[in-house]
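K.L.:
The structure is given below, and queries will be raised subsequently.
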Amino acid sequence: YGYSALEALATGCALVTTNVMALGEVNDESCGWVVDVPCDDLRHPRLSNIDQIEHFSAVLETGIERALKNAAENPELIRQKGEGALRRIRERHDPVNHAKTLEAIYDEILEI
């Protein structure tokens, strides 16, 4: 699911990730940089043949380079995105809030 990315966000670390599978749900431009690589509708990378692999690799390399250059040229973004990372963890991945949400779902089911 992207647990290592969540752990990094929880420390206030701005991330550079792709949009592949869970990483597209965990990271966004508010808390890091996202390299938009070619994916199918389920966000699986398109890597079926050598042309797709080469294209994927080129997009990934360019995206990482762009993200790192952006961070180096705008160091204040690192702090802003780090703060966004902590905010994202509190809002979407806090275990206490998640437990409350699940509890509300179960309570609603039991009331039926």
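The values are calculated or read from the model by the stated rules, or taken from the named source; none is laboratory data. Note that the coordinates shown come from a computational prediction; the quantities given were computed from them, not determined experimentally. Cβ sites come from the backbone with ideal geometry, for glycine too, and all protein chains shown count toward neighbours. Please note that ligands, DNA and RNA were not included when accessible areas were found on the heavy atoms of the full protein model with its side chains. Shrake-Rupley method; radii C 1.70, N 1.55, O 1.52, S 1.80 Å.
K.L.:
If Pro95 satisfies all but one of (1) at pLDDT 95 or above; (2) at negative phi, what's the number of the condition it fails?
P.N.:
(1)
K.L.:
Within the range 71-91, does at least one residue satisfy the condition of being polar (S, T, N, Q), modelled with pLDDT of 95 or more and surrounded by 10 or more Cβ atoms within 10 Å (Cβ to Cβ)? Show your work before the answer.
P.N.:
Keep residues of the range 71-91 that are polar (S, T, N, Q), which gives 74, 80.
So of that shortlist, the ones also modelled with pLDDT of 95 or more come out as 74, 80.
From the residues that got through so far, the ones that are surrounded by 10 or more Cβ atoms within 10 Å (Cβ to Cβ) too are 74, 80.
Yes: the range 71-91 contains one or more residues that are polar (S, T, N, Q), modelled with pLDDT of 95 or more and surrounded by 10 or more Cβ atoms within 10 Å (Cβ to Cβ).
K.L.:
Follow-up. What are the residues in the range 29-43 that are open to solvent by 70 Å² or more (accessible area, probe 1.4 Å), more than 25 Å from Ala10 (Cα to Cα) and not aliphatic (A, V, I, L, M), if any? Spell out the reasoning first.
P.N.:
Within the range 29-43, the first condition is being open to solvent by 70 Å² or more (accessible area, probe 1.4 Å), and the residues that meet it are 29, 36, 41-43.
Filter once more, keeping what is more than 25 Å from Ala10 (Cα to Cα): 41-42.
Correct list: Asp41 only.
K.L.:
How many residues does the range 8-55 contain that are part of a helix (DSSP H, G or I), polar (S, T, N, Q) and either at positive phi or in contact with a helix residue (DSSP H, G or I) (Cβ under 8 Å, 6 or more places away or on another chain) (or both)? Write out each step before concluding.
P.N.:
Step one: filter the range 8-55 for residues part of a helix (DSSP H, G or I), giving 8-10, 23-26, 50-55.
Right, trim to polar (S, T, N, Q) and you get 52.
Narrowing further to those that are either at positive phi or in contact with a helix residue (DSSP H, G or I) (Cβ under 8 Å, 6 or more places away or on another chain) (or both): none.
Going through the range 8-55 one residue at a time, the tally reaches 0.
K.L.:
Moving on to the next point. Exactly one of (1) touching a strand residue (DSSP E or B) at 6+ places or on another chain (Cβ under 7 Å); (2) open to solvent by 20 Å² or more (accessible area, probe 1.4 Å); (3) more than 18 Å from Arg92 (Cα to Cα) is unmet by Ala67. Its number?
P.N.:
So Ala67 meets the others, but not (2).
K.L.:
Okay, next question. List pairs: first residue in the range 13-33 and closer than 13 Å to Ile78 by Cα, second residue part of a strand (DSSP E or B) and among the small types (Gly, Ala, Ser) anywhere in the structure, Cβ distance under 7 angstrom, at least six positions apart or on different chains.
P.N.:
Qualifying pairs under 7 Å: Ala14/Gly32; Leu15/Gly32; Val16/Gly32.
K.L.:
Select, from Gly2, Gly12, Gly24, the only residue that is modelled with pLDDT of 95 or more and surrounded by 12 or more Cβ atoms within 10 Å (Cβ to Cβ).
P.N.:
Gly12
K.L.:
Another question, if that's okay. So His98 fits all but one of (1) within 14 Å of the chain's Cα centre (by Cα); (2) part of a helix (DSSP H, G or I); what number is the exception?
P.N.:
(1)
K.L.:
Restricting to the range 81-112, what's the tally of residues that are under 19 Å from Leu6 (Cβ atoms) and not charged (D, E, K, R)?
P.N.:
Filtering the range 81-112 down to residues under 19 Å from Leu6 (Cβ atoms) leaves 81-102.
Now drop any that are not not charged (D, E, K, R), which leaves 82, 84-86, 89, 93, 95-99, 101-102.
Matching residues across the range 81-112 total 13.
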